[in-house]
Amino acid sequence: MNFKQVPKIVIDTNVFISAVLFRGQTSRLVSLWQKGAVSVLMSPAILKEYARALAYPKFKLTRREIRGIIEQELLPYIIPVRVKNRLHVIAQDPSDNKFLELAKEGKADYILSGDNHLLDLKTFRGIQIITPNEFFESGIDS
C-alpha cells in the first residue's frame, strides 16, 4: 500500500480570512482541512489572531457568526501545538514570528501566506513558505 503523508500546514491570518469568508481559489483550503487532505497546525496565539481579524468591522460578522466559524469550521479539524520557544526572525513585523514558531514547533511542511515578510523568507528551517496559489499549483493537495 502507498500511504501518502498528509502535509502539515500553518495558515497565515490573511489566508485564513480569505479561505473562510470569500469565494475563490483560497476557499478550497476549507474543504481540504475538513476532509483531512491537509493537517492544520494551530497555536493559541494564532487562534486569538484569527478571532480578532474576523471581528474587524469591515466583515460585519456577529459574535455568534465568528464563534460558529471558529468552533465548527476550524477547531474540529486542527492539530493543537504548544509553542515553547519564541523566535526573532522577522524584525519588520515581529507579530509574524508566531507563524514561524508554530511551524517549527509543529514540524510543518508549509506556511501558506500572502504576507511579504513571510514570503520573502521562501523557506525557514526546511519549511516552505508559499502562497495558496503556489500550494494548489504544485499539486500538493491532490
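Every number here is computed from the coordinates shown, using simple stated rules; none is lab data. What you see is a predicted model; the values in this text were computed from it and never measured. Note that each Cβ is placed from the backbone with ideal geometry, even for glycine, and that neighbours are counted across all protein chains shown.
Check Lys8: other-chain or 5+ apart residues with amide H under 5 Å from its amide H, H built from backbone geometry?
Residues meeting the amide H criterion: Ser39, Asp109, Tyr110.
Which values of log₁₀ I(q)/I(0), to two decimal places, follow from the Debye formula for the chain at q = 0.19 Å⁻¹ with a uniform point scatterer at every Cα?
For the requested q values the scattering log ratios are -1.18.
What's the extension gain from His88 to Glu137 if we count 0.36 nm per residue and subtract their Cα-Cα distance?
14.6 nm
At most 11 other C-beta atoms within 10 Å and a DSSP loop state: those are the exposed chymotrypsin sites (Phe, Trp or Tyr not before Pro) I care about. Give me the longest piece of the chain that has none.
The longest such stretch corresponds to 23-142.
On a full-extension model of 0.36 nm per residue, what is the gain between Ile79 and Phe22, subtracting their alpha-carbon distance, rounded to one decimal in nm?
18.2 nm
Do any trypsin sites (Lys or Arg not before Pro) in the stretch 50-92 lie in a loop, going by DSSP, with at most 16 other beta-carbon atoms within 10 Å of their beta carbon, and if so which?
Passing sites in the stretch 50-92 are Lys60, Arg82, Lys84, Arg86.
How far apart, in nm, are two points set 7 Å out from the Cα along the Cα-to-Cβ line at Lys48 and at Asn14?
Taking the simple label geometry, Lys48 and Asn14 are separated by 2.3 nm.
Evaluate the distance, in nm, between pseudo-label points positioned 7 Å from the Cα of Arg63 and of Val30 along their respective Cα→Cβ axes.
Roughly 2.3 nm, to one decimal.
Pull up the cross-link candidates among the lysines for Lys104, meaning alpha carbon to alpha carbon under 29 Å and not fewer than 8 places away within one chain.
Lys4, Lys8, Lys35, Lys48, Lys84, Lys122
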